[in-house]
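The values are calculated or read from the model by the stated rules, or taken from the named source; none is laboratory data. Everything quoted here is computed from the prediction, not taken from an experiment. All Cβ positions, even for glycine, are placed from backbone atoms using ideal geometry, and neighbour counts span all protein chains on display.
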Amino acid sequence: MKDVSELSGTIFPRDDVSMPSTVEPNIGVILAIKPAVHAVVTFTPQEFSWLLTLVAGNQLGACYLSFGEPVRGKAFIYSLSFDKALPPADER
C-alpha cells in the first residue's frame, strides 16, 4: 500500500473467536488505512498469552497481514502471522 509504513493494532483475548455464518470468515478488521493501518484482532486466550510472551521477551520483529481489498478505509483480515526478525531490506 503506497505511502503506508506503520501498523497499529488492538489485540485482545476472547474465549469464543468463532464467526457467525452471516459474516465472511475473518480473524479481524482493519478500521483505517491511512496514515497508518489500524487493525483489531481477537485471539484465543492461549494465542494471546503466546503473543504477550513474544512481546515481553522482545522477540517480535515483524507482522504479516493478509486482508481483502479496502472499501472506504476498512477491510477484513484473513490471516496474521508474526516473525522474530524483519525481512531483508530488498524484500520489504
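So the values come out like this:
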read-out	value
Unique match (being surrounded by 13 or more Cβ atoms within 10 Å (Cβ to Cβ), of a type in the set (A, V, I, L, M, F, W, C) and either at pLDDT 85 or above or in contact with a strand residue (DSSP E or B) (Cβ under 7 Å, 6 or more places away or on another chain) (or both)) among LEU86, LEU65	LEU65
Positions within the range 35-74 being under 16 Å from GLU6 (Cα atoms) and either aliphatic (A, V, I, L, M) or free of Cβ contacts under 8 Å to residues at least 12 places away in the same chain (or both), in sequence order	ALA36, VAL37, ALA39, VAL40, LEU60, ALA62, LEU65
Extreme residue, surrounded by the most Cβ atoms within 10 Å (Cβ to Cβ), among residues of the range 53-62 that are polar (S, T, N, Q) and assigned to a loop (DSSP other than H, G, I, E, B)	GLN59
Subset of the range 2-26 [modelled with pLDDT of 75 or more and touching a Phe, Trp or Tyr at 6+ places or on another chain (Cβ under 8 Å)]	ILE11, PHE12, PRO13, ARG14, GLU24, PRO25, ASN26
Qualifying residue in the range 37-48 (condition: loosely packed, with under 12 Cβ neighbours inside 10 Å, on the phi < 0 side of the Ramachandran plot and not in a helix (DSSP H, G or I))	no
Residue list for the range 20-34, restricted to those being within 15 Å of VAL4 (Cβ to Cβ) and not small (Gly, Ala, Ser)	ILE30, LEU31, ILE33, LYS34
Flag for ASP15 being more than 23 Å from GLY73 (Cβ to Cβ) and in a loop (DSSP other than H, G, I, E, B)	yes
